[in-house]
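Contents: one structure, followed by commentary.
The values are calculated or read from the model by the stated rules, or taken from the named source; none is laboratory data. No experiment lies behind these values; they were computed from the predicted model shown. All Cβ positions, even for glycine, are placed from backbone atoms using ideal geometry, and neighbour counts span all protein chains on display. Surface accessibility is based on the protein's heavy atoms, side chains included, excluding ligands, DNA and RNA. Shrake-Rupley method; radii C 1.70, N 1.55, O 1.52, S 1.80 Å.
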There are 2 protein chains.
Amino acid sequence: MSELVAPHGGGELKPLHHPDFERAEEAKRAESLKKVQMTSKETSDLLMFAMGAYTPLDGFMGREDWHGVCAGMKMKDGLFWPIPITLSADKDLADSIGEEEEVALVDEETGTVMAIMEVLEKYELGEDGKTFECQHVYRTSDTNHPGVQKVMDQRPVNLAGRVSVVNEGEYPEKYKGLYLRPTETRALFAEKGWSTVAAFQTRNPMHRSHEHLAKIAIEVCDGVFIHQVLGKLKPGDIPAETRTVAIQAMIDNYFVPGTVIQAGYPIEMRYAGPREALIHALIRQNYGCSHLIVGRDHAGVGDYYGAFDSQHIFDTLWDGALETKALKIDITFFCKKCYGMATAKTCPHDKEDRVMISGTKQREMLAAGEDIPSEFSRPEVVKILQEFYRNQ
Amino acid sequence: MSELVAPHGGGELKPLHHPDFERAEEAKRAESLKKVQMTSKETSDLLMFAMGAYTPLDGFMGREDWHGVCAGMKMKDGLFWPIPITLSADKDLADSIGEEEEVALVDEETGTVMAIMEVLEKYELGEDGKTFECQHVYRTSDTNHPGVQKVMDQRPVNLAGRVSVVNEGEYPEKYKGLYLRPTETRALFAEKGWSTVAAFQTRNPMHRSHEHLAKIAIEVCDGVFIHQVLGKLKPGDIPAETRTVAIQAMIDNYFVPGTVIQAGYPIEMRYAGPREALIHALIRQNYGCSHLIVGRDHAGVGDYYGAFDSQHIFDTLWDGALETKALKIDITFFCKKCYGMATAKTCPHDKEDRVMISGTKQREMLAAGEDIPSEFSRPEVVKILQEFYRNQ
């Protein structure tokens with residue numbers, strides 16, 4: 001039987017956390033160390049390290065890796081990596097930290113001490129460095145771009161070094177059963193006898209257009225892994241609790257049992273479009289997925305990226321950069337003339353024949369308790385979303 | 001840009017026909033040679049040689065190749081080949097042919113001299129040899145199986161040797177524009193910028209279930225090659241002329257322009273199930289197709305093969321045996337609960353929810369001028385088939 005795709009870099013998964021039995025002790029020790037505050041994005045990256053989703057990284061990146069990743073998506077050792085993973089600190093604090101000194105990493109929102117980091121390098125990016133990062137990673141330095149804004153807002157000094165997580169915060173408990181780590185998904189896939197698995201990234205409830213994407217994937221892979229963003233959302237997004245239930249209603253009523261697994265992970269969207277599509281694929285490789293569904297404007301925002309930039313970038317990688325492949329699919333919809341679901345690649349009819357409802361319009365209709373056409377959304381899903389809006 | 005898949009064996013295409021300007025002269029010369037009559041299956045194989053569809057073979061197989069192909073799908077030089085391609089003759093005639101003597105190959109149905117063959121080997125299969133072939137290739141020696149019947153009916157002595165075709169019969173003229181040779185399809189695919197092409201084998205008009213198969217393929221390949229059997233059909237089959245028009249009506253109304261090419265080829269069905277699925281893929285590799293759509297019971301007949309035997313056999317081949325991959329898809333249908341097209345892999349609902357009409361029932365309905373539900377067939381296609389039956 002075929003095997004699952006190997007973790008990124010070809011070695012074992014590298015979850016960067018202390019074993020359970022040492023965590024309490026290490027967390028206590030961390031209290032005595034200098035404290036570096038993490039933004040929600042940095043905390044999210046730390047949780048990704050903890051679960052091995054950023055295998056084979058050892059921690060936050062040093063300058064040379066940062067530069068290589070920004071400029072050419074390559075670490076100094078040649079490893080493919082599309083987006084820099086860095087941690088920033090205030091100058092005074094950074095200056096006070098000695099060589100190889102251990103510091104405690106603290107989630108600034110909750111005040112929780114989450115990890116110990118051995119600081120191996122300190123470097124300033126400056127305005128020029130941040131602009132360089134944005135130009136390469138986001139293809140723009142326009143601060144109206146939410147990902148760019150976060151980079152420009154970073155503290156002045158980047159701290160690099162190995163991390164060891166002592167506390168994964170509220171996620172594992174809050175999203176019990178949904179918060180699956182790469183070791184766990186790989187075991188699940190193997191148990192089902194899957195070797196090819198397509199990941200579907202979502203931060204929204206699923207309507208028929210998303211169901212269609214997932215069902216195309218099921219035709220060419222053993223199963224689909226519906227993988228939700230549990231990190232910070234944009235205002236107006238449906239919260240994970242409701243989204244999960246709505247997605248489960250679709251799975252239970254419209255998918256063959258055993259062909260779909262739903263899970264979530266703690267990433268925070270950067271909206272970096274093509275570069276983010278690549279890191280989404282890399283992360284899914286660690287989870288054991290052979291494919292990532294990449295639709296129109298995957299991980300984009302506003303008009304910063306062309307509709308197919310996130311698909312095309314996969315064709316520009318060097319051999320062996322990334323094992324997980326893009327399953328490229330165009331925009332999906334119900335077409336009345338096709339009398340069924342279709343994509344722009346299979347439907348020759350006009351826009352007027354297609355049932356498409358914008359996100360804003362959907363929210364309005366649901367909030368007003370209106371029904372949404374069954375060509376657009378499953379009634380079981382609509383009911384859950386209507387109820388959510390009724391309780392707002 | 002990516003390239004089309006290489007012809008089988010990795011070399012150039014090998015069309016086994018005389019250049020046009022020499023054909024008349026060679027055909028005249030053939031008249032003076034001993035004549036070997038070919039059955040319609042043998043004639044069909046000869047036409048496949050002529051167009052290079054059986055690349056890299058040089059002609060009908062000798063005993064060692066025949067044996068290796070039957071037993072292990074391997075020619076004596078190690079080349080993958082799943083079904084023996086042989087020519088048989090009466091004993092008296094065979095005995096009269098000298099070593100390396102040239103003979104004329106004649107289509108027994110039309111009396112046309114079609115090729116010159118240099119006879120390099122003569123060998124008898126006997127009852128045992130034929131049974132051995134059937135057991136391995138057809139997995140049965142039951143003469144109720146139409147493919148087995150043809151093998152058992154072969155004349156006693158197989159003649160092997162290089163062929164050179166001087167006349168391709170009526171096909172090229174009769175199916176002008178449809179009768180495309182591998183060199184021609186490769187040029188067409190390249191012109192469209194396709195590198196991945198899925199072949200869809202059919203000997204019937206296409207209903208929505210077939211459209212769905214083709215549209216799944218379009219999602220994962222650059223285009224679809226609808227490739228019809230122009231060789232002998234089973235009684236009751238719709239003739240190629242009508243079928244072509246019906247398929248074109250579907251393409252014109254329900255596919256995005258430039259995503260589909262319709263063509264036909266002169267193969268005669270053996271109904272060998274899994275082994276035939278493999279030769280269908282091998283042939284499509286020569287045509288430049290990276291994939292062959294393999295549905296339920298592909299190329300099967302009766303209950304001789306399991307529903308998925310023709311899909312599974314692709315997983316048993318050695319590395320490098322065959323470049324063209326199976327695009328494995330389960331049975332397809334419109335499901336009322338899914339409210340759209342689905343496959344047994346994507347639809348969890350009951351049989352009663354599925355719109356499926358047997359071939360016999362379809363013929364009855366069409367012959368009676370009845371409409372067929374638009375969940376099952378496109379009205380543009382139904383109209384053409386109704387008209388055909390009206391004129392019977």
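Evaluated at 4 °C with a viscosity of 1.567 mPa s, what Stokes-Einstein diffusion coefficient in µm²/s does the protein assembly as shown have when Rh comes from the Kirkwood expression over alpha-carbon pairs?
Approximately 44 µm²/s, per Stokes-Einstein.
Just to check I understand the Karplus step: with θ = phi - 60° and J = 6.51 cos²θ - 1.76 cosθ + 1.60, what whole-Hz values come out for the range B:77-83, glycine and proline as x?
8, x, 5, 5, 7, x, 9
Magnitude of the Cβ-charge dipole of the range A:20-168, K/R +1 and D/E -1, about the Cα centre, nearest 20 debye?
420 debye
For the pairing of chain B with chain A, what total accessible surface becomes buried, with a 1.4 angstrom probe, in square angstrom to the nearest 100?
The summed interface area works out to 2400 Å².
Nearest 5 is fine: what % of DSSP beta bridges in the protein assembly as shown come out antiparallel, could you say?
For the protein assembly as shown, the DSSP antiparallel bridge percentage is about 50.
Taking the label point as lying 7 angstrom from Cα along the Cα-to-Cβ axis, what are the distances from A:GLY72 to the corresponding position in the remaining copies, in ascending order and in nanometres?
Nearest to farthest, the other copies are at 4.7 nm.
Given A:THR86, A:MET75, A:MET48, which one lies farthest toward the positive end of the charge dipole of the range A:20-168, if we put +1 on the Cβ of every Lys and Arg and -1 on the Cβ of every Asp and Glu?
The listed residue farthest towards the positive side: A:MET75.
Students often get this wrong, so check it: of B:LYS41/B:LYS174; A:LYS74/B:LYS325; B:LYS336/B:LYS383; B:LYS174/B:LYS234, which have C-alpha atoms separated by over 30 Å?
A:LYS74/B:LYS325
Amide H to amide H, which residues 5 or more places from B:ILE85 or on other chains are under 5 Å from it, using H placed in the peptide plane?
Under 5 Å from the amide H of B:ILE85 lie the amide H atoms of B:MET61, each far enough along the sequence or on another chain.
Counting other Cβ atoms within 10 Å of each Cβ, which chymotrypsin sites (Phe, Trp or Tyr not before Pro) in the range B:296-343 have at most 16 and sit in a DSSP loop?
B:PHE308, B:TRP318
Suppose R0 equals 45 Å. What FRET efficiency, 1/(1 + (r/R0)^6) with r the Cβ-Cβ distance, do A:ASP77 and B:LEU233 give to the nearest 0.05?
Efficiency at R0 = 45 Å is approximately 0.15.
Rounded to two decimals, what is the ratio between the C-alpha radius of gyration of the range B:20-168 and 2.2 N^0.38 Å?
Here the Cα radius of gyration is 1.02 times the empirical estimate.
Tilt of helix A:182-191 relative to the longest C-alpha principal axis of chain A, in degrees (0 to 90, nearest 10)?
40 degrees
Rounded to whole Å, how close does chain B get to the rotation axis onto A by Cβ? Give me the residue too, please?
Minimum Cβ distance to the axis, with residue: B:GLY340, 2.
Per residue of the range B:347-354, in order, report the coupling 6.51 cos²θ - 1.76 cosθ + 1.60 (Karplus, θ = phi - 60°) as ³J(HN,Hα) in whole Hz, putting x for Gly and Pro.
My calculation for the range B:347-354 gives 10, x, 8, 7, 4, 5, 7, 9 Hz in order.
Once neighbouring chains are kept in place and the probe is 1.4 Å, which whole percent of the accessible area of chain B is contributed by carbon and sulfur?
48 percent
Considering only DSSP beta bridges where both residues belong to the range B:176-390, give the percentage that are antiparallel (nearest 5).
25 percent
For chain A, with a Gaussian network of springs between Cα atoms less than 10 Å apart, report the residue from A:ASP371, A:ASP92, A:ASP237 with the top mean-square fluctuation.
A:ASP92
Could you pull the copy-to-copy label distances for A:SER2, with points set 7 Å along Cα to Cβ, in nm to one decimal and sorted shortest first?
Reported distances to equivalent positions: 1.4 nm.
B:VAL119: net charge of surrounding residues, Cβ under 10 Å, Lys/Arg +1, Asp/Glu -1, itself excluded?
-3
Based on C-alpha coordinates, I'd like the Rg and Dmax of the range A:267-392, in Å.
Gyration radius and largest Cα-Cα distance of the range A:267-392: 17.4, 51 Å.
Compute the normalised compactness of the range B:7-72: alpha-carbon radius of gyration over 2.2 N^0.38 Å, N being the residue count.
For the range B:7-72, the normalised Cα radius of gyration comes out at 1.30.
Pick out which of A:LYS35, A:LYS215, A:LYS336 has the largest mean-square fluctuation in a Gaussian network model of chain A, springs linking Cα atoms closer than 10 Å.
Most flexible of the set in this elastic network: A:LYS336.
Less than 18 Å from a label point 7 Å out along the Cα-to-Cβ axis of B:ASP20: which backbone N atoms in the range B:161-177 qualify, by residue?
B:165-177
For label points placed 7 Å from Cα toward Cβ, what is the shortest-first list of nm distances from B:GLU124 to its copies?
Result, one decimal in nm: 9.8.
Near the amide H of A:LYS232, under 5 Å away, which other amide H atoms are found, from residues 5 or more places off or on another chain, if H is placed in the peptide plane?
Here A:MET269 satisfy the definition.
Using alpha carbons only, how many degrees (0 to 90, rounded to 10) separate the axis of helix B:208-220 from the longest principal axis of chain B?
Approximately 80 degrees, to the nearest ten.
Under a cut-off of 17 Å between alpha-carbon atoms, report the aspartates and glutamates in cross-link reach of A:LYS345, not counting same-chain residues fewer than 8 places apart.
A:GLU211, A:GLU219, A:ASP297, A:ASP309, A:ASP330, A:ASP353, B:GLU211, B:GLU219, B:ASP222, B:ASP252
With each label point set 7 Å from Cα along the Cα-Cβ vector, what nm distance links A:GLU108 and A:GLU241?
2.7 nm
Average projected area of the Cα convex hull of chain A, in nm²?
19.8 nm²
Where both partners of a DSSP beta bridge lie in chain B, what percent of those bridges are antiparallel, to the nearest 5?
Of the beta bridges lying entirely in chain B, close to 50 percent run antiparallel.
Connecting C-alpha atoms closer than 10 Å in a GNM of chain B, tell me which of B:ASN286, B:ASN204, B:ASN253 has the biggest fluctuation.
Judging by the Gaussian network model, the answer is B:ASN253.
R0 = 51 Å: FRET efficiency of B:ASP353 with A:GLU12, Cβ-based, nearest 0.05?
Plugging the Cβ-Cβ distance into 1/(1 + (r/R0)^6) gives 0.65.
Give the average, rounded to an integer, of partner chain Cβ atoms located within 10 angstrom of each Cβ in A:213-220.
Neighbouring Cβ atoms belonging to other protein chains average 5 per residue here.
Where in the range A:326-348 does accessible area fall by at least 40 Å² between the isolated chain and the complete protein assembly, at a 1.4 Å probe radius?
Listed in order, they are A:CYS338, A:TYR339, A:LYS345, A:THR346, A:PRO348.
Please list A:MET73, B:MET250 from largest to smallest accessible area, probe radius 1.4 Å, with all protein chains kept in place.
A:MET73, B:MET250
About its Cα centre, how strong a charge dipole does the protein assembly as shown have in debye, to the nearest 20, once Lys and Arg get +1 and Asp and Glu get -1 at the Cβ?
With Lys and Arg at +1 and Asp and Glu at -1, about 1880 debye.
Once both axes come from the Cα atoms, what is the angle between helix A:20-31 and the longest principal axis of chain A, in degrees from 0 to 90, rounded to 10?
The angle comes out at about 60 degrees.
Could you give me the radius of gyration and the Dmax of the range B:176-390, taking only the C-alpha atoms into account and expressing both in angstrom?
Here Rg and the maximum Cα pair distance are 16.8, 52 Å.
Out of the range A:84-179, which trypsin sites (Lys or Arg not before Pro) are coil in DSSP terms and have no more than 11 other C-beta atoms within 10 Å?
Of the trypsin sites (Lys or Arg not before Pro), the ones in loops of the range A:84-179 whose Cβ has at most 11 other Cβ atoms within 10 Å are A:LYS176.
Taking H placed 1.01 Å from N in the peptide plane, check which residues at least 5 places from B:MET114 or on another chain put their amide H under 5 Å from its amide H.
Placed amide hydrogens put B:LEU105, B:VAL106, B:ASP107 under 5 Å from B:MET114.
With every protein chain present, what is the per residue accessible area of chain B (1.4 Å probe, Å²)?
Result: 40 Å² per residue.
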